[in-house]
1. Starting from the 7 Å offset along Cα-to-Cβ, what nm value, one decimal, do you get for the label separation of A:Thr23 and C:Val169?
2. Could you tell me what fraction of 2.2 N^0.38 Å the Cα radius of gyration of the protein assembly as shown comes to, as a two-decimal ratio?
3. Any idea of the accessible area per residue across chain B, 1.4 Å probe, to the nearest Å²?
4. Express in whole angstrom the spacing between the alpha-carbon centres of region A:219-269 and region B:130-175.
5. Divide by every residue of the protein assembly as shown the summed helix terms, -39500 (n - 2.57) for each DSSP H run of at least 4, and state the resulting mean residue ellipticity at 222 nm, rounded to the nearest 500 deg cm²/dmol.
6. Cα gyration tensor of region A:150-432, axes a ≥ b ≥ c as square roots of the eigenvalues: rounded (a/c below 1.5), prolate (a/b > b/c) or oblate?
7. Would you mind classifying region A:318-445 by shape? Square roots of the alpha carbon gyration tensor eigenvalues, ordered a ≥ b ≥ c; an a/c under 1.5 is rounded, otherwise it is prolate if a/b is larger than b/c and oblate if not.
8. So if we plug the beta-carbon distance of A:Asn7 and A:Val47 into 1/(1 + (r/R0)^6) with R0 = 22 Å, what FRET efficiency do we get, rounded to 0.05?
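The values are calculated or read from the model by the stated rules, or taken from the named source; none is laboratory data. Quick caveat: nothing in here was measured; it's all calculated off a predicted structure. Note: ideal-geometry Cβ built from the backbone for every residue, glycine included; neighbour counts use all protein chains shown. These accessible areas exclude ligands, DNA and RNA; they are computed on the full protein's heavy atoms, side chains included. Shrake-Rupley method; radii C 1.70, N 1.55, O 1.52, S 1.80 Å.
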Amino acid sequence: MTEDIINMRGWVRTAMDFVSENTIGMSRHWEYTDSVAWFLTEFMMCVMVFGGIMTTLLVLLWMERKLLGRFMDRRGARTSLRSLWVGENGVTAGEWWTQLPFGTGIPIGMLNKALNEIAGNDHKLEAVSRVKNRSYHGVWWLLPGFFQNLADGMKFLTKEHMVPEKADRYVFEIAPFLIIATTVMCFTFIPLGPNFHSNNSEMSILFLMAVFSVAPLGVFFAGWSSNNKYTLLGGIRSAAQLTAYEIPLLVTVLSVVVLSGSFNLIEVIEFQVDSGVWNIFLLPLGAVLFIVVMVAEVERIPFDMPEAEAELVEGWWTEYGGMRWGLMFASEYLRTYAACLLFAHFFLGGWEAPFEDTIPFIHYIPHITWVFLKAWFIFIFFVWFRAALHRVRTDQILEFGWRWLLPLSLVNLAMATVLRLWVYDGVKEEWPILVPILITSISLALFVLLSIDEDPKALEAQTRPFSVQTVDVASPGQHRK
Amino acid sequence: MAEMWISMGPQHPMTHGLWTLKVKVDGETVVDTEPDLGYIHRGVEKICEARDFTQITTYCDRLCYASANTWSHAYIYAAEDLLDVEVPERAEYIRMVAVELQRIASHLMWLGAYCPDVGNLTGMVWCLREREMMMDLLQELGGSRMHYNFPRVGGVKRDLPIGFAMRCRAKLKLFLDRIQEYEALLDESTIFLIRTQGVGYAKAEEMINHGVSGPNVRAAGHNYDVRWAHPYSVYDELDWEPSVERPSIKGSDCYDRYRVRVEEMRQSASMVLEGLDKMPGGSETYHEPGDPAILAKVRERAAEGKTGYHHFEDSRGESMFYLVGGGEKRGKHPYRVSIRSPMFITIPYAAKCMIGYKIADIPAIMGSFDPCIGETDR
Amino acid sequence: MGKEVTAEQALSAANEIVNDVSDFGDAVKAEVRHHTGGRRKHAYVYIEVVASEWRELALWLKKSKQVDYCSMITGIHWPENTDASWQVVVHLLRTGVVNPPVVKKRIHETKVDIGALFGNSVPMEFEISMTLPDMRDPSVPSVSDIWVGADWNEKETWDLVGIEFEGHVGMRRVLLPHDSPTGYHPLQKQHKLRYHDYNEMYDDPQGFGRKPEDSGRVK
């Protein structure tokens, strides 16, 4: 196991041993001391992992809000709050701190001025200032809006719980809990650090994938039981889409398993640490497949057909309200978070710091930091997709899944098999260093080549600014005849 | 699979307003559609019968909240036809500037609404960002942000404010750069292309027969434009051509309708820039309020039984006002005001257009025709 | 290449139409009128037609004069005018829009050479007026099969003005609620807005002038 300065599991075990010895150990059931300590340790670790995930989930929501704000070139609610003292064209409507008695506002004014000058946005890149200089002069590192989601949660709790009159009430009530419970169960086997996991099972990846694919059932329940045409369509879409993307997902994960030689998630990470190469440099195709499939699995743009708000109002959760809606919304983010963490573990070496062996003193940083940083970094891609892409149609989603992702994932599995069987140096237990370099550079070159999708002939003939023109079936690369 | 009717509306993200589209679907495929309008019918035509000719402009502004200026101008040209009023040339230029700025703002509003229709919120925010600039310019002209009440019978409310041309040029220059951002976001996105291309085919002759006009017809490959076919204002003095798209053999699809509007925004921006250069000087932009030359005509023309109408190139197609003078109080009011709304005719056609496509294409097709319910229901 | 249709083009095209309309005899009266306001006084065709002849005229316009676009159909109620109590006004346009041509298997957009337009290719406005005497069920022939664009115009005219269109399939309320009472057509003039008497909604929206019914009486 990797050395970590946070030996959380060891500490908890020590504490629980102490507790157990001093309670059970003193009683006539002393022979159960060890079992009770083990049980308490597992329980405590479960609680801590769950707490850690739920707390850091706020970061995801906050990141989504802020990154989208940046991508979309807008500012959030803080803009209007700041406009209390920052007016249009930089003219203040009145500096409220000067009106406080006895000059108590002077420090506020000085602080505000200093902050704005030192760390305020230079508002050269901001659309708001381009438009009318109704600008945001705030300080970004104060994490504005971080606790907005808590306020949202409070609001959901105050809402009335409504069930449609003709809904199938039992199924309607069960569906959200089915979704949420299975989502939370995913985190049982996701380690947050080398000594920070709730369970180290030999078959953890299998369990993870099994649990991860129960949620579509709940989605379909929700869509069916609401007795609403929109939710029904959303539920059916969701079932079709998730089934279609479950298979490439499993095959992709299988390729990681083949490469690492274990169904145990912790051992997969350990393999990456020991062999010295992260899986992404060996299976770049697998990484791309995994993130694409995961976007579809967690139903985010561009694959959010089941809840396409333009035509299906809110898809399969249209009829839910209040905290049930809030929990389902949270479960979407939990699934996204699970996807990000799994990506970090499968492909980015889990808790291993980049260049851990070469950078001095880097191992003093707790490994849990790297897990979260990698997961959040992957989440940036999810937000980026959402900001930059449009929604794909149902038939296009299914076509993409069955006709492209499934064959590609099989190719990826074959690659993984070849790498493991014939390339991996079983004696020294590490990868020949040329292999990841070669694979990565070839993949990058391919990516650049495939990104150039402009068809010069079509451009010439159509006097259109961009490439793709079609006659009837819209598919990229085919130009209008 | 069994067919079922879905009632999309009156409150539905696809509708862009208050109306109902009843869709009969077979699984995911649209089999039949039926639009149902009238949710915000205010009876503007009846109200106008109790208002005099200057008061009606205010109501025309409120016909379409996305394109207020074009509607009040459409009315003003009809009223001038009825009342036989000449307009100073400078006023005509100012009107042209106001209308074309409004056309840009309206198209931006359309594009801003179209991006969420195909699932992207970024485009909406970007478009509304640039729309702010147009709104600010129009605010300088009309004094309010949305309903300007800018034109007058025989001129415009007031002359251009000092420095307007400078600010207008600067903002339009910035705007022309920004259009490239939209194109980078939309045209270069394969997903946008596969969502819009090959979807919602409409042929030019069929559209004309159905009464659809404006950008939708120009997207189908014919440069018919009321601005040259039934000329008004100062468009002959500007160097411009209506933007026209090259459709596919099956007709224009949603992508063509998107392209033509983007090109039209460019076209309008260059028209405004040119108009600002060519605008004649002088301060004569309107007839004095209560000008006897106009007031006398109201009764005189009504007694002759004259009517006035004017075809106007609205940002959504050909709009028209038909005015009959000689209402109550000896002709101070019109006897009958009739409004031709382009979207009232286009919505049934768009609803026909989406038969055979998927449910997911409904917002893409309906949005591409640029529906505006304020003018539709009147 | 001209930038827009000139007054001469419009005038000669309008004259041509008016001359050809004379074939119809007394039932159709056509004249060339001119717009009055604005910078240009373009000519347009004004036709008065007997309602029974309207369909024939419409077919002729569509076939011989390539009038392809129905802009607006509207009705006017003149209750004081007993011999012409109902008027239907139709605005048509000749746009000349054609599908874009295919040259060498490629679509090419049409850019009209405006200066070269003549005769039937000149865009032209038509104002067609029909009057009906005072009757309970005013009715004119429908043209919604000639110009599909007339379909909803006719629905609206029936809905708001109450003029029926013979041969129109699927007539229904479009702007008013579907359960509006039969015979309720708000643009008929018997529905007053504020013409004669005091109208609370417009003259006293705040209700300041409202008084109880028994005010002024000794209680």
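1. So the label points at A:Thr23 and C:Val169 sit 8.2 nm apart.
2. Working: Rg = 34.6 Å, N = 1078, 2.2 N^0.38 = 31.2 Å.
Compactness ratio reported: 1.11.
3. Dividing the accessible area of chain B by its residue count gives 27 Å².
4. 54
5. Values: 39 runs with 512 residues, N = 1078.
Roughly -15000 deg cm²/dmol at 222 nm, from the helical runs in the protein assembly as shown.
6. prolate
7. Values: a/c = 2.49, a/b = 1.34, b/c = 1.86.
Here region A:318-445 falls in the oblate category.
8. Values: r = 18 Å, r/R0 = 0.80.
Approximately 0.80, to the nearest 0.05.
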